[in-house]
Every structure is written in C-alpha cells, then in structure tokens.
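First comes the structure, then the notes that go with it.
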C-alpha cells in the first residue's frame, strides 16, 4: 500500500460533516446489532480504492503493551443510534465484548443493503491515534446519511431508503477488512441515503464522531 508521511490506506469510506456538540444531541431512536455475516464482505472490501491520506498509528501506551488484537464483528457489539442533531446522521457504537484489548483501525466499511462498495470516509476526521478499546469500552463513528431529506424508495438522484447495514472492521494493515461483517439493525422504516453518504474514522467519544 502507498505511504505518505507515516502511512496511507487504501480503504474507501465515508466523510461526516457535522456541527453540533454532544450536549445538544437528542437521541431519537436506537437499533441494536443482530449478529455477524460473511456474505458479501469480501466483495465490499474488493471495491475499495485509495481515497484518503494519512492514517493514525497505534498509540504507545499501556493498551498496546497488552498485545491488543484488531476489533472485528466477532469481538464487538455494534449498534446504531439515529440522532436528531445533526440532522440526517447516525452514530455507530462498537463495544469490545472480548477479553483482550482490541484496536478499531481506520474507519468502518459501511454497506447499506446490498451495495457492492463501501461509503466514503471523511478525510478530516483522522484521530491522533488508533482507538484501542479495553473490554467493555466503546469506539464511535458518525455517519452523514444525505445532504437533503428524501421520502421515497427511488434509487435515483434523490437517493433511496436503506433497510439494512453491514459494518466491517479494517485490518491492522488498514488495507482491507478483517473478521465477519456485523449485521446491524437500522431504525424502523429504514433511513434515507444518497450519494453523499459518508462516515468518520473511529473516534474515542461521540462528540468527536458527530462534530465536524
């Protein structure tokens, strides 16, 4: 994989432009993960291209000294919350359910319904270091679903309503996926997405994931 400065990654993900602090966030709905799935995960990663630049390095603290492993759909519980502010945004939460620290590398690969390529990643959301989770701790990613609200099922310029979400974690090399894809339940009725859908890198707090 190409390198710029420290290193670059070849994964395509989603950017998330947001503008309201967590104190003003109003959670309007929550959906929990429903397990993992392998179907289509390899295809999803195969569709990635080199779209963002410098990526964070693991931090040299007590966490990495304990032989952490990559976070995957098998050692985390992934949930999605629909937030009222910013509008048209989701908050993804990945909680370490394993017995060892795990590293949430890069950004999540997100697949809505049966999309063959993951959504884009916000290049301005790169954290200072890889987010490492002790058992029970969580990492967060913000998802901007669309620039304008839509109300139909059309897959045209106005977007469409997505009913399923697959979340795949990045591997240690940050050039592909690792582990099974987590099948996440979206809010009842689905969510409207269009071509602008994008996500942040994994962050340590909901504030960082939702403020851009």
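Data for the structure
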{"quantity": "Residue 137-residue 188 pseudo-label distance in nm [points 7 Å out on the Cα-to-Cβ vector]", "calculated": "3.6"}
{"quantity": "Point-to-point label distance, residue 77-residue 128, nm (Cα→Cβ direction, 7 Å offset)", "calculated": "3.1"}
{"quantity": "Inter-label distance, nm, simple model (7 Å from Cα along the C-beta direction), residue 99/residue 85", "calculated": "4.5"}
{"quantity": "Protection proxy ranking, peptides 116-122, 81-87, 104-110, average beta carbon neighbours within 10 Å, highest first", "calculated": "104-110, 116-122, 81-87"}
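Values in this text are rule-based calculations from the coordinates and carry no lab data. Quick caveat: nothing in here was measured; it's all calculated off a predicted structure. Neighbour counts run over all protein chains shown; Cβ positions are idealised from the backbone, glycine included.
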